[in-house]
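The block underneath contains the structure these notes are about, expressed in structure tokens.
The values are calculated or read from the model by the stated rules, or taken from the named source; none is laboratory data. Please read all numbers here as calculations on a predicted model, not as lab measurements. We place every Cβ from the backbone using ideal geometry, glycine too, and count neighbours over all the protein chains shown. Note: accessible area is taken over every heavy atom of the protein model, side chains too, but ligands, DNA and RNA are not part of it. Shrake-Rupley method; radii C 1.70, N 1.55, O 1.52, S 1.80 Å.
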Amino acid sequence: MKEEIKAHNNVLELIGNTPLIKLTKITQKMKGNYFAKVEAFNPGHSTKDRIALYIIEEAERKGILKPGDTIIETTSGNTGFSIAMVSIIKGYDCILAVSSKSSADKIDMLKTMGAKVYVCPAHVSADDPRSYYEVAKKLHNEIKGSVYINQYFNELNIDAHYQTTGPEIWEQTAGKITHLVACSGTGGTISGTARFLKEQNPDIKVIGIDAYGSVLQKYHQTKEFDANEIYPYRIEGLGKNLIPTATDFNIIDKFEKVTDESSAHTARELAKTEGLFVGYTSGAAMQGLKQLEEEGEFTEDSNIVVIFPDHGSRYMSKIYNDDWMSQQGFIDSETAEIQQIEYV
Ligand code: PMP
């Protein structure tokens, strides 16, 4: 019999179909059954691979994008990496307008993936012509055949998860899911996944994780934007200082807020208990689960799915670095959890 070579045509074929992994140790004293959808298994190591591929392929289907055209976005984070990766394979130019707050590591990573990076001043208002929003808009207007992804205000961000993450979770749980818990940044992940799941079973409860310092929870409760809620916080990718249209607030039952400090410790705990090396917002989502359980949200029969958005490797100079943790006051440097290795 002739053996076939088993190979993927390119890295994009590995996007989606991420595993659902049972959490058993960190949840030992908690009521209910807990399952993590671990998005770090995407080739770009985050859930943003899904939206980058989906939005770019939608633009291709509509005839908006042709080979050699340009894709523009304003992010130095996961979305930037995913767009750069999809652009490389599909033959598009990728331009990312990022804030000067972005670390040199992040900028180097995007350049490595072939992106052209515009570094824009961080401390100017969003409508200043030098801001990364305005620079992206200007480039989009100037470059013929360019597409501006604009993830916070793009309905396709929701659709990407409606088409992929939602059906995957429904199938993986054999329809037995009772709760969906997910971080909310643009809101695309939670809104699209929940929309699909609630169409299958409207009783599924959907809980968003928000940060202290963000407006999302208050807006959900009052339908009013309250600028007093806004103050700086450390977790990246969670919560927001504006109301994204990529969030469907009607489909979310409630928001739970978590702190920078507890989320960082819980991310470290996930590595030490479940062997899951995941990002800061995964720690935030797990921290949210702990709080919700304490508040009596779950019973022994609950099947709770939590989405872990990205991989831990992007946070080596932050939550997985003892110096950073002690600078934030999150650990006592005398009792640092990760010991320094001594070389002889
Ligand atoms: N975690 C991380 C690390 C992210 O980058 C994002 C996206 N901003 C989220 C969570 C939230 O996902 P979404 O934007 O789909 O709400």
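Miscellaneous remarks
For every residue, the table says whether it meets (1) within 24 Å of ILE243 (Cβ to Cβ); (2) surrounded by 16 or more Cβ atoms within 10 Å (Cβ to Cβ); (3) small (Gly, Ala, Ser).
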| site | (1), (2), (3) |
| --- | --- |
| LYS106 | no, yes, no |
| ASN141 | no, no, no |
| LYS144 | no, no, no |
| GLN151 | yes, yes, no |
| TYR162 | yes, yes, no |
| THR165 | yes, yes, no |
| ALA174 | no, no, yes |
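- Only one of SER317, SER302, SER313 that is closer than 27 Å to PRO167 by Cβ and either surrounded by fewer than 18 Cβ atoms within 10 Å (Cβ to Cβ) or modelled with pLDDT of 95 or more (or both): SER302
- Looking across LYS198, LYS240, one residue alone is open to solvent by less than 60 Å² (accessible area, probe 1.4 Å) and assigned to a loop (DSSP other than H, G, I, E, B). It is LYS240.
- Qualifying position, being buried (at least 19 other Cβ atoms within 10 Å of the Cβ), within 24 Å of THR245 (Cβ to Cβ) and small (Gly, Ala, Ser), among ALA126, ALA136, ALA115, ALA84: ALA136
- Candidate set: segment 215-228, residues that are more than 20 Å from ARG195 (Cβ to Cβ) and open to solvent by 50 Å² or more (accessible area, probe 1.4 Å); chosen: the one farthest from the ligand (Cβ to nearest atom): ASN228
- Selected residue (only one of LEU12, LEU65 is out of contact with any strand residue (DSSP E or B) (no Cβ under 7 Å at 6 or more places or on another chain), touching a residue at least 40 places away in the same chain (Cβ under 8 Å) and under 26 Å from PHE153 (Cβ atoms)): LEU12
- Test for THR189: is it among the hydroxyl-bearing types (Ser, Thr, Tyr), within 9 Å of the ligand (Cβ to nearest atom), touching a helix residue (DSSP H, G or I) at 6+ places or on another chain (Cβ under 7 Å) and open to solvent by less than 50 Å² (accessible area, probe 1.4 Å): yes
- Taking segment 117-174 as the region of interest, the helices (runs of 4 or more DSSP H) fully inside it that hold 3 or more residues being within 13 Å of GLY192 (Cα to Cα) and touching a residue at least 24 places away in the same chain (Cβ under 8 Å) are 155-163, 165-172.
- Here is the figure for segment 279-335: residues that are more than 18 Å from the chain's Cα centre (by Cα) and either under 17 Å from PHE255 (Cα atoms) or β-branched (Val, Ile, Thr) (or both) total 13.
- If the condition is being touching a strand residue (DSSP E or B) at 6+ places or on another chain (Cβ under 8 Å) and among the acidic types (Asp, Glu), then segment 91-133 contributes only ASP93.
- Here GLY63, GLY68, GLY80 are screened, and the one residue that is within 16 Å of the ligand (Cβ to nearest atom) and not acidic (Asp, Glu) is GLY80.
- Tally of residues being in contact with a Pro (Cβ under 9 Å, 6 or more places away or on another chain) and either away from the ligand (no atom under 16 Å from the Cβ) or outside any loop (DSSP other than H, G, I, E, B) (or both) across segment 45-60: 3
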